[in-house]
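These notes concern the structure reproduced below.
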Amino acid sequence: MDEHMDGASSAEASVLDHVPMRNEDGEIRHEFVAEIARAIEAGDSASLRACVAELHEADLGDLIGALAPDDRVRLVELTGADFDFSALNEVDEAVREEILDELPPETVAEGVRELESDDAVELLETLDEDEQEEILEKLPLQERVALERSLLYPENSAGRRMQTEFIAVPQDFTVGQAIDYMRDTPDLPDRFYEIYVVDKDRHWQGAVSLDVLLRARRPVPLTELTDEDRRRVSVLEDQEEVARMFGKYNLVAAPVLDTQDRLVGVITVDDVVDVIEEEADEDLKALGGVNSDEELSDTVFTIARARFNWLLVNLATAFLASSVLGLFEGQLEKMVALAVLAPIVASQGGNAATQTMTVAVRALATRELGSSNAWRVVMREGMVGLVNGLAFAVITGIAAVAWFKIPGLGVVIGLAIIVNLVAGALGGILIPMALERVRADPAVASGTFVTTVTDVVGFFSFLGIATLWFGLR
């Protein structure tokens with residue numbers, strides 16, 4: 001009797017009841033993770049089930065990421081049907097693969113069945129084809145075919161992002177029939193913002209938003225409410241273009257059509273937010289020469305290998321910049337001040353170029369910068385470089401004279417600063433534009449080339465002007 005009471009009490013108890021998950025800064029409390037780890041070690045399935053049932057999928061994902069690797073799989077096993085597999089889409093790809101590799105295909109298949117189609121595809125697409133097939137074989141035929149079709153679409157396409165759960169009604173329906181259909185259909189999508197009108201062959205005819213539908217009287221034909229010009233998406237369209245369209249036209253949902261204009265899915269704003277975050281993350285990493293797939297959970301060897309190539313390219317360009325110093329070896333020996341000040345000129349140009357490059361890469365990605373306004377933007381950035389160059393020429397010139405007590409040195413470094421800041425500004429915008437023109441990713445390649453330009457121009461302009469000014473040979 002006591003054991004039964006203890007089990008019932010444990011089943012209703014949750015770690016959240018006595019240890020809050022997050023602190024005031026929104027970070028996961030170490031005490032909470034430790035409590036969960038203790039429950040996993042003790043095999044306390046009841047309290048773990050009660051806990052995960054209360055957590056949002058994003059919070060559950062954060063918890064999984066905070067647990068030790070061995071505890072992650074045990075958490076899924078101990079919570080069974082109460083575990084929300086959509087939480088695995090909230091963790092690093094390496095962590096997700098590690099968990100899925102350890103779980104039996106039957107367990108993964110049961111979890112996938114509970115997900116919306118877009119979440120299921122996101123979960124499966126990280127696995128290799130053999131693992132995908134092993135899991136898909138455990139699913140009912142209709143669900144399996146739908147997921148296999150989505151996985152056939154190109155990576156990062158709308159077809160991969162869409163969910164195949166949507167509401168489509170015949171074009172001869174009235175408002176009342178559409179409402180009754182939705183009331184009588186048990187498997188509606190969890191969230192939807194509009195219904196779609198199709199013909200007998202499922203060709204898309206238009207959309208009716210829910211606010212318009214609910215304001216209309218029951219006898220009104222849907223054809224009177226249908227928006228035939230509603231923005232729609234092709235299954236093959238790149239997800240970044242879809243996200244741009246959502247932002248431009250303030251959409252919350254968009255129908256997805258196949259190449260024969262048949263309605264096959266819908267993309268909603270929550271999917272687009274994920275796309276925007278992924279693309280921003282990818283661009284940010286690319287600007288630093290970091291592989292877009294790199295995650296905090298990756299091993300030391302994986303990260304080191306991924307970063308090696310760009311570091312090797314940077315080393316080659318650094319030798320190129322240093323070779324400019326070798327051309328002025330005699331001048332540097334005669335005037336030590338030149339060796340001390342040369343890095344300042346190169347550094348200022350590099351910083352100015354990075355500022356311009358960051359703006360340019362982002363503008364190219366959002367299509368704000370194009371052939372229609374390229375000349376105006378290039379001229380503007382060149383003028384910005386000139387204005388800042390003049391300002392820093394005065395500041396740096398005064399500092400150089402005060403430091404080395406050589407009056408002419410202020411003029412030399414001032415002129416070099418002007419030249420390099422203008423060069424940096426122009427390089428920061430022209431190089432990304434040139435890379436975009438030849439279909440290379442500006443975010444990935446711009447940094448190395450721009451830095452090389454500012455180093456070479458900086459060293460050469462400073463030492464060249466100094467050679468002429470002081471008559472060094």
All Cα pairs of segment 222-318, percent lying beyond 20 Å: 55
Counting other Cβ atoms within 10 Å, keep those with at most 15, restrict to DSSP loop, and tell me which trypsin sites (Lys or Arg not before Pro) in segment 229-301 are left. R231
Accessible area of the chain divided out per residue, in Å², using a probe of 1.4 angstrom: 54
Segment 352-462: translational diffusion in µm²/s, Stokes-Einstein, Kirkwood Rh over Cα pairs, 4 °C, 1.567 mPa s: 89
Compute the projected area of the convex hull of the Cα atoms of the chain, averaged over all viewing directions, and report it in nm² to one decimal place. 31.9
Using a cut-off of 22 Å between alpha-carbon atoms, which lysines can reach K138, once sequence neighbours fewer than 8 places away in the same chain are excluded? none
Counting alpha carbon pairs within less than 8 Å and at least 6 residues apart, what relative contact order, in whole percent, applies to segment 387-473? 30
For segment 107-121, Karplus-derived ³J(HN,Hα) couplings (6.51, -1.76, 1.60; θ = phi - 60°; whole Hz; x for glycine and proline) come out as 5, 5, 4, 5, x, 5, 4, 7, 8, 5, 4, 5, 5, 5, 5
Rg(Cα) / (2.2 N^0.38 Å) computed for segment 154-283, rounded to two decimals: 1.08
In whole percent, and with a 1.4 Å probe on the protein chains, what portion of the accessible area of the chain is carbon and sulfur? 55
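The values are calculated or read from the model by the stated rules, or taken from the named source; none is laboratory data. Because the structure is a prediction, the values reported are computed rather than measured. Every residue, glycine as well, gets a Cβ built from its backbone with ideal geometry; the counts of neighbours run over all protein chains shown. Please note that ligands, DNA and RNA were not included when accessible areas were found on the heavy atoms of the full protein model with its side chains. Shrake-Rupley method; radii C 1.70, N 1.55, O 1.52, S 1.80 Å.
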